[in-house]
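Report on the following structure.
Just so it is clear, none of the values below were taken in a lab; they were calculated from the coordinates. This structure is a prediction, so every number in the text was calculated from the model and none was measured. Using ideal geometry, Cβ is built from the backbone for each residue, glycine included, and neighbour counts are taken over all protein chains shown.
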Amino acid sequence: MTTRAESSPRRGWFSNSFEAKEARLAWFLILPTALIVFGVVLFPAIFSVWISFRDVGLNNLNDVFNAPFTGLENYKNVINDYAFKYHNLQNWGAAVTTIIYSFVSTALTIVVGLGAAIVLNQPFKARGIARGIFLIPYVAPVVGVAFAWSWLLDPRPSGVLNHILMSLGLIELPKAYLATRGLALGLVVLFQAWRYFPFAMLMLLARLQAIDKTLYEAADVDGASAIQKFANVTLPELRYVLGSIFLLRLMWTFNKFDDIFLLTGGGFGTKVLPVLTYEFSFRLFDFGKGAASSMILMIILVVFMVFYVRIVMRGTEE
Amino acid sequence: MDKQMNFIDRMGRWLNWQRFFFLLVLLVFLTTILFPFYWMVSSSFKTGSEIAGRTPTYIPSALRLDAYRELFDSEWDHFQNFGANIVNSAKVAIPTALIAVILSTLGAYAIARLKFRGKDLLLNGILLVYLIPGVLLIIPLFAMLAQLARRIGFDVQDNLSVLVLTYLAQTLPVALYMLANYFRTIPAEIEQAGLIDGCSRIGVIWRITLPLAVPALVSVGMYTFMIAWNEFLYALVFLNNRDMFTMPIKINTIFSDPSPRPHVVMAASTVMTIPVIVLFLGMERFLAEGLSAGGVKG
């Protein structure tokens, strides 16, 4: 009897066995989430590939399925665009700016986060409150903090940074920090580190607290200095977490739009690919070109990720 | 004896120096973190001349509410009707949080407890969301929704439900991840006991698992609420009508006003920021755990 039941067509999806019931329940439970994620993210992402090969503008956005096929035209237009291309050391273009901006701000975010994690790993009174305060930049709305920053950096003498630097005698005339090439990019990087270091801090703090105390005791016995202990005990223990944080933050910084858009509007050498994509799509209303530039953004990211996971992360697992 | 004293003496000095250095670093961190927020709040009380003076005014001369009047008082000049924007933000953030908690609870339970074919594929697919830039999705999403809207009959622009849908898609993967991790920490034996006592699966989830997972549910709810409350890009693209603006877009509009009124921008930012920070500090214990468990996107 049992063998017949197993080979009957009722086996699997429609069977009444406990496993099948559980599997059906599982799919039923996860279906709404899966539908939303696939419908609103994954399907549009694939659709975006399709759009990037078509000529889509405001006039045919409602009739997008009949948009004329243009081959690689959009991609050529993006790559040859003045704002995209690398020109010289003074004018990097969006592609190079995005890469440098993402790497430098990710690295700085992690360094600041590591510093904060080490500070919060010391036992002191009010550590809980300090941890709460350290997390504030990460949870506060970007609109508010970006405008507060841009006003601190105000080009007039009434800007706080101008006032401080001028009273210290470091500069003679007020500077327009967010409207000067170089300075603007540096400040956007600083803003990233200020806003996102708590993320790195949280992950590192959790790992720091899990490090075996006997490792430090052994190092003490060997007469290691604080710096030696940090370099030979702490850092190796943090390596894997550092690798993962770097990857996650790099991905998100790469795709980040609002911070730069709100601080500089993408001007003065801070035009990154997400902002350029926004401009192609919603200033020029050339949606095909916008789709192509966002595809280029994703391709750069995926190439880097494959490289990173294959080469850098493989080393950390050993 | 002498040698020992010397050693203790040196230890004491070393500790002091270290403590001084530690306090200095802590102070630098706290100042850099808090000063922009202090600037935001204090500036919202300043007068026009205090803002545009020759030197910055660090402490406003009085707690003037002019900026807040402009936001909320319909009798005032340039009345901004900011109350409507707060309502819009709440209309987006509260449903996003509630729906995300419900859906991710169901999904996370399936992932943590039930065996089914295609689980890994599904999970990886859902995590792909991390990789896809937000700007990439807007155009295809708009085109798709426009098609759908014409058939079913709704508006894509100025429709807060569309925003809720996009925020859900952005937050559900992380919520799912956070909750599944939490469910795994609840011993399966407790549930099996319930199953043996004759509870159905749904009964077990409702009576046993959920009450144990309240901290995680609160943290997921808070996290999704904050994402929806703070979101800028999608709201910027999908909202055109001033009456439908959420707070971030409204603040951006006030900021870009031809006659700059920074104190109003800062007042609006204060109104938007302070509730989030208060809510966050109140629930920090839950949240810090949740944030690091899921690796919140942002």
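For A:Lys271, give me every one of the lysines with a C-alpha distance below 20 angstrom, ignoring sequence neighbours fewer than eight places off in its own chain.
Straight-line reach from A:Lys271, under 20 Å: A:Lys76, A:Lys85, A:Lys256, A:Lys289.
Less than 9 Å Cβ to Cβ from A:Ala26, Lys/Arg counted +1 and Asp/Glu -1: what total charge do the surrounding residues give?
Every neighbour counted, the sum reads +3.
Assuming 0.36 nm per residue, please report the length gained on full extension of the stretch B:Asn81 to B:Phe154 beyond their Cα-Cα distance.
Details: separation 73, 0.36 × 73 = 26.28 nm, distance 2.62 nm.
Full-extension gain reported as 23.7 nm.
If I take R0 = 25 Å and measure r between the Cβ atoms of A:Glu19 and A:Phe43 in this structure, what FRET efficiency does the formula 1/(1 + (r/R0)^6) give, to the nearest 0.05? Before the final figure, lay out the partial values.
On the way: r = 30 Å, r/R0 = 1.22.
Using R0 = 25 Å, I get an efficiency of 0.25.
Would you calculate, for chain A, the mean residue ellipticity at 222 nm contributed by helices, counting each DSSP H stretch of 4 or more residues as -39,500 (n - 2.57) and dividing by all residues, to the nearest 500? If you can, show how the numbers build up before the last one.
On the way: 16 runs with 205 residues, N = 318.
Result for chain A, helices only: -20500 deg cm²/dmol.
Treat every Asp and Glu Cβ in the protein assembly as shown as -1 and every Lys and Arg Cβ as +1, leave all other atoms uncharged, and give the resulting dipole magnitude about the Cα centre to the nearest 20 debye.
Working: 49 positive and 39 negative charges, 159 e Å.
In total the dipole reaches around 760 debye.
Say the dipole of the protein assembly as shown comes from +1 at the beta carbon of Lys and Arg and -1 at that of Asp and Glu; which of B:Tyr177, B:Leu236, B:Ile86 then lies farthest toward its positive end?
B:Tyr177
Going by C-beta contacts inside 10 Å, put B:Val174, B:Val237, B:Val278 in order with the fewest on the left.
Values: B:Val174 27, B:Val237 21, B:Val278 10.
Ascending Cβ contact count within 10 Å gives the list B:Val278, B:Val237, B:Val174.
How shielded is A:241-252 by partner chains, expressed as the average number of their Cβ atoms within 10 Å of its Cβ atoms?
The shielding value for this peptide is 2.
Which FRET efficiency value, to the nearest 0.05, is calculated for A:Leu168 and B:Arg19 with the Förster distance at 30 angstrom and r the Cβ-Cβ distance? Display every interim value, and only then the final one.
Working: r = 28 Å, r/R0 = 0.93.
The formula returns an efficiency of 0.60 here.
Measuring from centroid to centroid over Cα atoms, what is the spacing of the range B:49-86 and the range A:86-131 in Å?
Spelled out, the Cα-based centre of one part sits 34 Å from the other.
Could you give the nm distance between label points at B:Arg285 and A:Leu235, where each point is 7 Å from its Cα heading toward the beta carbon?
So the two model labels end up 3.8 nm from each other.
Can you spot the lysines whose alpha carbon is less than 18 Å from B:Lys119's alpha carbon? Ignore those fewer than 8 places along the same chain.
Straight-line reach from B:Lys119, under 18 Å: A:Lys21.
Do any trypsin sites (Lys or Arg not before Pro) in the range B:32-125 lie in a DSSP loop with no more than 15 other beta carbon atoms within 10 Å, and if so, which? All intermediate terms of the calculation are to be shown ahead of the outcome.
Details: sites: B:Lys46, B:Arg54, B:Arg64, B:Arg69, B:Lys91, B:Arg113, B:Lys115, B:Arg117, B:Lys119; in loops: B:Lys46, B:Arg54, B:Arg64, B:Lys115, B:Arg117.
Those that pass, being in a loop and sparsely packed, are B:Arg54, B:Arg64, B:Lys115, B:Arg117.
For each pair in A:Lys125/A:Lys213; A:Lys125/A:Lys229; A:Lys125/B:Lys250; A:Lys125/A:Lys175; A:Lys125/B:Lys91; A:Lys213/B:Lys115, compute the distance between the two Cα atoms and list the pairs where it is over 30 Å. Before the final figure, lay out each step's value.
Numbers: A:Lys125/A:Lys213 21 Å; A:Lys125/A:Lys229 25 Å; A:Lys125/B:Lys250 41 Å; A:Lys125/A:Lys175 41 Å; A:Lys125/B:Lys91 40 Å; A:Lys213/B:Lys115 38 Å.
Cα-Cα > 30 Å for A:Lys125/B:Lys250; A:Lys125/A:Lys175; A:Lys125/B:Lys91; A:Lys213/B:Lys115; rest within.
Work out from phi, with θ = phi - 60° and the Karplus expression 6.51 cos²θ - 1.76 cosθ + 1.60, the ³J(HN,Hα) of each residue of the range B:173-178, listed in order in whole Hz, and give x for Gly and Pro.
Computed from phi, the couplings for the range B:173-178 are x, 5, 4, 4, 5, 4 Hz.
Compute the distance in nm between two label points, each set 7 Å from the Cα along the Cα-to-Cβ direction, one at A:Ala176 and one at A:Ser244.
4.5 nm
Per-residue ellipticity at 222 nm for chain B, helices alone: DSSP H runs ≥ 4 residues times -39500 (n - 2.57), over residue total, nearest 500 deg cm²/dmol? It would help to have the intermediate numbers written out before the result.
Details: 14 runs with 216 residues, N = 298.
Counting only the DSSP helices, I get -24000 deg cm²/dmol.
Set the Förster distance to 51 Å, then compute FRET efficiency between B:Asn240 and A:Glu217 from the Cβ-Cβ distance, nearest 0.05. Mind showing how you got there, number by number?
On the way: r = 64 Å, r/R0 = 1.25.
About 0.20, to the nearest 0.05.
Per 0.36 nm of contour for each residue apart, how much would the distance between B:Leu210 and B:Thr253 grow if the chain were fully extended, relative to their Cα-Cα spacing? Before the final figure, lay out the partial values.
Numbers: separation 43, 0.36 × 43 = 15.48 nm, distance 4.24 nm.
Separation in residues times 0.36 nm, less the Cα-Cα distance, equals 11.2 nm.
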